[in-house]
Amino acid sequence: MRTETEPGGVRLDPALSTIMSERRRLTNLAYRLLGSLADAEDVVQETYARWYTMTQEQQEGIKSPGGWLTKVAGRICLDQLGSARARRERYVGEWIPEPLPDRAEWSGGREGGATTDPADRVTLDESVTMAFLVLLDAMTPAERVAFILHDVFGYPFAEVAEIVGRTPGACRQLASAARRRLRASEVSAARASRQAALVRDFKLAWEAKDIAALIDLLDPDATGVADGGGLASAAPRPVVGNEQIARYLVAVTATADDLTIVERTVNGQPGLVVERGGVTAVVIAFEVAGDRIRNFWAVANPEKLRPWTTS
C-alpha cells in the first residue's frame, strides 16, 4: 500500500498512515486492560495482522478503521483476561502489573529490539498508577473492559457492548460495579511533592538500615508485595505491618554490598529502582495515604523490567 511521489521515491498511502496512527492509542488501551506492556504489544500486533488479512475491498468497506481496530483489540484483551486467572495459578509467587518508566527515562523496547520513541508507547496518567492497575486486576474481565473503554477512553456503551458481547445496559452496570470497587479502596491521593519526599526519606532510611525510621514512614497496616515470577528472589507472600516490612527490607539488603537505590518515576509517580552492578534488579511503586506509605509493590521479575534495562 504505497503511492509513488517522484520518480524513484515513494510515500505511504494516506489510508495506511491513518491506520498506523492508531498504534499508540491501541497500546495505551491494551496496557490498561492487561497490565503488561509486552502483552499489549502482542495484542496490537495481532490486531494489525487481522486488518491485513482482509482484502483491500473489505478494508475500504469499513467506515471507521479506528473503531474496527479498537473493537478487535478490545476483544483480544477480553479473551486474554478470561484466561489470565488460569495462567496466574501457575505463576510463581505474587503477580504485579508491569511497571513503566517515565517517558524521558525510557531506555528501549523488547530485548534485542530497537529503541522505541516513548511517544509511541503508553501515556502515563492517573489511570496507570500501580495502585490503580492493582485495583483493576481485582475486577472481572468484563468489568475491567467496560470501565476502561467507557470511563477512561470515553467510548459510548453502545460501542462497548459490541466488544464485550453484552447489551449497553449490561455494560453500564459492569462499569458501575467497577466504580464501586474503586471507591471502596480509594484513598486520598498525596501531592506528588509529598509522595516524592516520603519516597526519598524511605530510600535514605533503607540505605541506612534504620528500622525505626522505616517503621515511622510506613502505615501500621502497610503491605509490601514482591513479584519475582520464579525468576528472581522475592517474598512468596505479601509482607504486612510496618515493623515486619522494615525488618524484611533491612534483612534483604544486609548482605548485599553491590546494591544502589535510585529515585525514579514509576508509572507516573515517585518510586525507586534498585540496581545491582548498575543493572536494574527491582522497580518499586508506592501508594501514599496521608503522611505514611500504605502500600508498595516491588517487581523483580526480569521479564517485566525490559523497559528499564539500559541498552
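The values are calculated or read from the model by the stated rules, or taken from the named source; none is laboratory data. The structure displayed is predicted, hence computed values, not measured ones. Heads up, the Cβs are rebuilt from the backbone with ideal geometry, glycines too, and the neighbour counts pull from every protein chain shown. These accessible areas exclude ligands, DNA and RNA; they are computed on the full protein's heavy atoms, side chains included. Shrake-Rupley method; radii C 1.70, N 1.55, O 1.52, S 1.80 Å.
Tabulated results
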item	result
Qualifying position, being modelled with pLDDT under 90 and either surrounded by 11 or more Cβ atoms within 10 Å (Cβ to Cβ) or farther than 18 Å from I148 by Cβ (or both), among R32, R87	R87
Lone qualifier among E94, E46 - being open to solvent by 50 Å² or more (accessible area, probe 1.4 Å), at negative phi, outside any helix (DSSP H, G or I) and acidic (D, E)	E94
The stretch 224-257, subset among the polar types (S, T, N, Q) and modelled with pLDDT of 95 or more, residue least open to solvent (accessible area, probe 1.4 Å)	N242
Qualifying residue in the stretch 181-189 (condition: of a type outside the set (K, R), open to solvent by less than 30 Å² (accessible area, probe 1.4 Å) and within 28 Å of T27 (Cβ to Cβ))	yes
Matching residues in the stretch 276-290 - criterion: being more than 18 Å from V225 (Cβ to Cβ) and surrounded by 16 or more Cβ atoms within 10 Å (Cβ to Cβ)	T280
Residue within the stretch 258-275 that is of a type outside the set (A, V, I, L, M, F, W, C), open to solvent by 50 Å² or more (accessible area, probe 1.4 Å), outside any strand (DSSP E or B) and touching a Lys or Arg at 6+ places or on another chain (Cβ under 8 Å) present	yes
Qualifying residue in the stretch 77-89 (condition: part of a helix (DSSP H, G or I), free of Cβ contacts under 8 Å to residues at least 60 places away in the same chain and more than 26 Å from V225 (Cβ to Cβ))	yes
